[in-house]
1. Which members of segment 58-86 meet the condition of being among the charged types (D, E, K, R) and more than 17 Å from Lys154 (Cα to Cα)?
2. Which one of the conditions (1) over 15 Å from Asn148 (Cβ atoms); (2) in contact with an Asp or Glu (Cβ under 7 Å, 6 or more places away or on another chain) does Ser80 fail to meet, given that it meets all the rest?
3. Anything in segment 50-80 that is without any contact (Cβ under 8 Å) to a residue 12 or more places away in the chain, part of a helix (DSSP H, G or I) and touching a strand residue (DSSP E or B) at 6+ places or on another chain (Cβ under 9 Å)? List them, or say none.
4. Show the residue pairs that are 6+ apart or on different chains and have beta-carbon atoms under 8 Å apart, the first residue being within segment 24-35 and in a strand (DSSP E or B), the second being of a type in the set (Lys, Arg).
5. Just for helices (runs of 4 or more DSSP H) wholly inside segment 265-343: which have at least 1 residues that are assigned by TED's automatic domain parsing to the domain that holds Gly228, modelled with pLDDT of 90 or more and of a type in the set (A, V, I, L, M)?
6. Every residue in segment 281-296 that is more than 21 Å from the chain's Cα centre (by Cα) and farther than 13 Å from Leu226 by Cα, please.
7. With respect to Arg164, determine if the residue is over 30 Å from Arg269 (Cα atoms), out of contact with any Ser or Thr (no Cβ under 7 Å at 6 or more places or on another chain) and not assigned by TED's automatic domain parsing to the domain that holds Trp75.
8. Out of all the residues in segment 104-118, which are in contact (Cβ under 8 Å) with a residue 24 or more places away in the chain, in a helix (DSSP H, G or I) and either over 18 Å from Arg10 (Cα atoms) or within 12 Å of the chain's Cα centre (by Cα) (or both)?
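The values are calculated or read from the model by the stated rules, or taken from the named source; none is laboratory data. This structure is a prediction, so every number in the text was calculated from the model and none was measured. Cβ sites come from the backbone with ideal geometry, for glycine too, and all protein chains shown count toward neighbours.
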Amino acid sequence: MHNDFTLYSRKVPSGKRVFYYYAYNDEGVRLGPWTTGETTKTAARNYCNRLIKLNRLLHDSKEMPTFAEYAADFWDWENSPYLKERKKRRKLTQSYADKNKKIVNFTLVPYFGKMRLDKITNEEIDGWLDFMIKEKYSNATTNSYYGNLQTMMKWAAKKQIIERDPFINVEKLLNERKDKEIITPDEFKMIFVDDWKKVWDNDLLLCTANKMAALTGMRCCEVLGLRGEYVYDDHIFLCGQYDEYGYRETKTKIKHHIPLASEMVADLRKLMNVNGDGYIFSDDGGITPVSRWRMYDALTKAFNKIGITKDETITEKADKLIKKAGFYLNISLIREFNSRYIG
């Protein structure tokens, strides 16, 4: 047996950084990962050396991993065998992997972590769904987490880690769609038209950014990714977005020519006088855009200034908008308004 092993660390939901290891069989095939339970590299190396002396560095092929062990790098952008195979057939993004990793770390591992993978049966999954209902998660949120877990268990069955996919006899929760309550046309005018300087503290950049989203249905990150070079006399060319991963393709990977009113183009031109062909909604001369959280905070304050606050019962619809992150806030306000009142 080869005595080779490779250590790497990852942050677990508790916030600690724990070391895991891969080992190699006689054919040089990498197996694992398995946790060392150690928080320093030296202690983890000593742990593996002890296993070598006991001839236990490689786990018995029949030994069933726990869900936490199996999930350790399932969504890891660099190390995941699953993602490596998927990348051959589909264009994936790191944000997709990171989003699913967070779901695993903060929702799935706390519930299933200590279970052996073969003990996660359809009954256990149904029990988890009941738990999510009891914890007041929406059906839509639970169903999105369901899809994550289903992908992982399906892969385990495909790789013959478990005998069968436990999701064969499980169904998602009822997807109850609720009517979205949005701002009215009068409220829209109060925010963006009548006295915008007072509502937005005379901040043309943040007012224009949110108004752009409201009139086009663009996602927040798509608005922030707009560059001066893609602004024309009567339209803009939407071909990218800007987020924590930098400038990249839009979520749908579809490029659009979006018509704009002359007044909207004029506002964009004012910002381009400062930022040129770079990012329009920028404080550093077009090098990078402002954060989406600034868009969110500014929109929340604008709501408050026209009397839409979370404390007023007549504005329950605003509460649903304001308490969400800015990314979803803009989508909800904008797309619904656009489809209902602008066409």
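1. Selection gives Asp60, Lys62, Glu63, Asp76, Glu78.
2. (1)
3. Across segment 50-80, the qualifying residue is only Leu51.
4. Final answer for the pair search is Tyr24/Arg30.
5. Hits in segment 265-343: 292-305.
6. Passing the criteria: Asp283, Asp284, Gly285.
7. Judged against the criteria, Arg164 is not a match.
8. Phe112, Leu117, Asp118
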